[in-house]
Structure formats: C-alpha cells, structure tokens
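Working notes for the structure below.
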Amino acid sequence: MYIVMLGAPGTGKGTIGKILSKDLNLVHISTGDIFREQINKGTELGKKIQSYIESGSLVPDDVTIETVKTRLLEKDVEQGAILDGFPRTVIQAEALREFLKENKPNSKRVAIELDVPDDEIVKRVVNRVICSNKSCGAIYNKETKPPKQEGICDICGSELRKRDDDNVETVTKRLGIYHQNSKDLIEFYRENNALYSIYPKELDIAVNDIEKFLDEYKRKL
C-alpha cells in the first residue's frame, strides 16, 4: 500500500508518518530527504534540484516527479511506502497514479489528510523545538509536549533548537500557500474515493483511528 500524507505544515505529518511506517513496516519517504540524497550523490537529478533550491525557486513538477519515481523503483519500497511531501499538486498526484498503474498494478493507494485548524497549527509551530541530532530528530512542544529537561532531548540528550522560520508571520504565510495549493489535490483524492480526513487532537488516538481505517480499506479493495 502507498499512503500519501496530506496536511499543512505543523499538522504532524512527519510524526504520524514515521509511526505508521514502523507499525505497518513501510518505508517513510520524505521528499526533502530524497532531494538531499540526490544532491549529496551528485547525480544529474541532484544538480537540477540544487539549482532550483539555490535560486530560491520551488522544484518544478517534472523534476519532483522524476525524483520520486526513481525512489519508488528501489527494492525496499516494492510493497509500498509512506509518502510525506509528495504529491503537492494534482499533476503530481496524477503522475503517481499512472506510475503505480504501470509499475505496481496490484498496489493500493490512499491519502490521509491531517485536518487541523490554522490557529492551532500556529500555536504548535511557534512553540516547537527540534532535536539538533539529525539521526534522532525528535520534536517537542514547549506547551503540550515539553522535554523533561529544558533544552535537552529526552531520547538522545542532544540540544533542542528552534527553527528560525518557526514564527507567526512565516507560518501564516505558509498556511495561505498550502490552502491555495491543496484544495484541488484534496478534491482529487476525494473524487477517487481514496481520502481519509482526521483531526489528530491526540497522537495515540489519531494513529489508532488511521490504522483502523487502513485495515478496513485494504479489506474493501
């Protein structure tokens, strides 16, 4: 099964995606991670991606699609994957659908939308601190999920840091862009009967509800 994680920045896509990855034994694929991987390898794709990033431009659909397709042809994702950050547009969603039809015709595809009110997202993001150890990457919230020791990761003991762009102005701008770009994408999955929307108020309950839905969805098809 290929699970697409949808939701505005700060809704918990990465956190929930990684939990689903572990519970369902599916690789978690972040578009940002595979972009960095291609750049670090110095591939032709990586050079294209880097040129767009360095110029401050969004990586265009055709390059993004090619990068994700390349990753989905690797052996560790033969049985499925959790896709975090892709697709972002209807063009990308259609490309994913056609790619799976051609290369993995028996696979199932579904989108999980984390639907969180904007005011709550702003609160989450401005209070967010992240473990500086990239191999850990644990995320905390100063109000709702503080670390046991201020400024220190509970898991690995590394320093916790706040991203420079985790501020009200930047988050509000991101949300506006997300809503503008995501409306048609969410409708695309809804029309294809492949969308499950949830307001993840409590992490454990949300994960349980999503996994229950996925189990029922697999049995229907």
Could you check the spin-label model distance between Ile155 and Lys75? Points 7 Å from the Cα along Cα→Cβ, value in nm.
2.7
Summed side-chain charge close to Ser21 - residues other than Ser21 whose Cβ falls under 13 Å, Lys, Arg +1, Asp, Glu -1:
-2
Per residue, how much accessible area does segment 39-114 have with a 1.4 Å probe, in Å²?
55
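Do the sum for the chain: with -39,500 (n - 2.57) for every DSSP H run of n ≥ 4, divided by all residues, what is the mean residue ellipticity at 222 nm, to the nearest 500 deg cm²/dmol? Could the numbers behind the result be given before it?
On the way: 8 runs with 111 residues, N = 221.
Value at 222 nm, helices only: -16000 deg cm²/dmol.
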For the chain, what size does the Cα cloud have along each of its three principal axes, sorted from largest down, in whole Å?
50, 42, 33
Using a 1.4 Å probe, how large is the accessible area of Glu120, given in Å² and rounded to the nearest 10?
50
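Across all directions of projection, what mean area in square nanometres is found for the Cα convex hull of segment 1-95? Please list the in-between numbers first.
Values: hull surface 25.1 nm².
Here the figure is 6.3 nm², rounded to one decimal.
In the chain, carbon and sulfur make up what percent of the accessible area (probe 1.4 Å)?
Numbers: 6090 of 12860 Å².
In the chain, the share of accessible area belonging to carbon and sulfur is 47 percent.
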For the chain, what is the percent of antiparallel DSSP beta bridges, rounded to the nearest 5?
30
For Asp164, tell me the accessible area in Å² from a 1.4 Å probe, rounded to the nearest 10.
150
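Whenever you get a sec, line up Ile152, Ile210 from highest to lowest accessible area (probe 1.4 Å, protein heavy atoms).
Details: Ile152 50, Ile210 0 Å².
My answer, sorted largest first, is Ile152, Ile210.
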I want the local charge near Ile186. Using Cβ-Cβ distances under 12 Å, sum +1 for each Lys or Arg and -1 for each Asp or Glu among the other residues.
-2
Most mobile of Glu191, Glu94, Glu211 per a Gaussian network model of the chain (Cα springs, under 10 Å)?
Glu191
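The values are calculated or read from the model by the stated rules, or taken from the named source; none is laboratory data. Keep in mind the model is a prediction, meaning the values are calculated, not measured. Reconstructed Cβ throughout: ideal geometry from the backbone, glycine too, with neighbour counts over all protein chains shown. Surface areas here come from the heavy atoms of the whole protein model, side chains and all, with no ligands, DNA or RNA. Shrake-Rupley method; radii C 1.70, N 1.55, O 1.52, S 1.80 Å.
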